[in-house]
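The structure appears below as structure tokens.
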Amino acid sequence: MSTISKKRPPLWRPDAVIAAEQQANRRRLTLIISSAVAVVALVVLYAVFSTSPAKNTSSSGTSYDVGSPGIGKTAPAFTLAGSTGKQVSLSDYRGKTVLLYFQEGLTCQPCWDQLTALEKSATKVKAAGVDDIVSITTDPADLITRKTEDMSLTTPVLSDPVLKVSKEYGANQYGMMGSSRDGHSFLLVGPDGTVRWRADYGGAPDYTMYVAVDKLLADLKAGVKS
């Protein structure tokens, strides 16, 4: 006698149970999506901060970046027209310790006040081991010459209108005007042509365009020692 198997009808489940299961599935899906978004965000943040320049905070509390070329690297050679009416080369300072000061230029009066303050503190600057100061900006040489004459400045200010030198030094990455102008960067180049100290003060979020000379020299001395 053969037995005929019959399919059991599906068990009936209340609508409330089905709704609860659907809600639980939605919650699980939301949790998975949120976790994935969080992981992606962490990866992006890591990529941003791992490629950002090193950040330093001086004893005075003034923060600054350290761009490239950094300490121990050879300072790129350059020859530029200067406010002195002559071409000025980095090689002219071979055998001396020179402080390169990249600045925003004619649109930044605090940058020029910085030069004035450095000249007035010449004795302190020499005591910190700096033989000469050379400033570089992107304005035309004739306008720079007029500005230095108006302010009775003797520090050579060089013209880098196409940013060739500024880009080689990465000095156009730390200003309020984007990459079209320099910010407020200092590099101490030793007698052998290597960078002994660097501080890029002009970057976000503060966009510092003037640093008190005592603070600047304190940062320089601490940086050279370390």
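Keeping to the range 171-198, report how many residues are aliphatic (A, V, I, L, M) and more than 23 Å from D92 (Cα to Cα).
Filtering the range 171-198 for residues aliphatic (A, V, I, L, M) gives 171, 176-177, 187-189, 195.
With more than 23 Å from D92 (Cα to Cα) added as a condition, the list becomes 176-177.
Residues flagged as aliphatic (A, V, I, L, M) and more than 23 Å from D92 (Cα to Cα) within the range 171-198 amount to 2.
Among the residues in the range 148-156, are any assigned by TED's automatic domain parsing to the domain that holds V211, charged (D, E, K, R) and surrounded by 13 or more Cβ atoms within 10 Å (Cβ to Cβ)?
Taking the range 148-156 first, the residues assigned by TED's automatic domain parsing to the domain that holds V211 are 148-156.
Adding the requirement that they be charged (D, E, K, R) leaves 149-150.
When the remaining residues are screened for being surrounded by 13 or more Cβ atoms within 10 Å (Cβ to Cβ), the result is none.
No: zero hits.
Which condition breaks for A117 when tested against (1) of a type in the set (A, V, I, L, M, F, W, C); (2) surrounded by 20 or more Cβ atoms within 10 Å (Cβ to Cβ); (3) part of a helix (DSSP H, G or I); (4) under 24 Å from the mean Cα position of the chain (by Cα)?
(2)
Mind checking which pairs have a first residue in the range 200-217 that is within 18 Å of M177 (Cβ to Cβ) and a second that is among the aliphatic types (A, V, I, L, M) and at pLDDT below 90, Cβ under 9 Å, 6 or more apart or different chains?
G202/M176; A204/M176; Y207/M176; M209/M176
The values are calculated or read from the model by the stated rules, or taken from the named source; none is laboratory data. All values derive from a computational prediction rather than experimental measurement. All Cβ positions, even for glycine, are placed from backbone atoms using ideal geometry, and neighbour counts span all protein chains on display.
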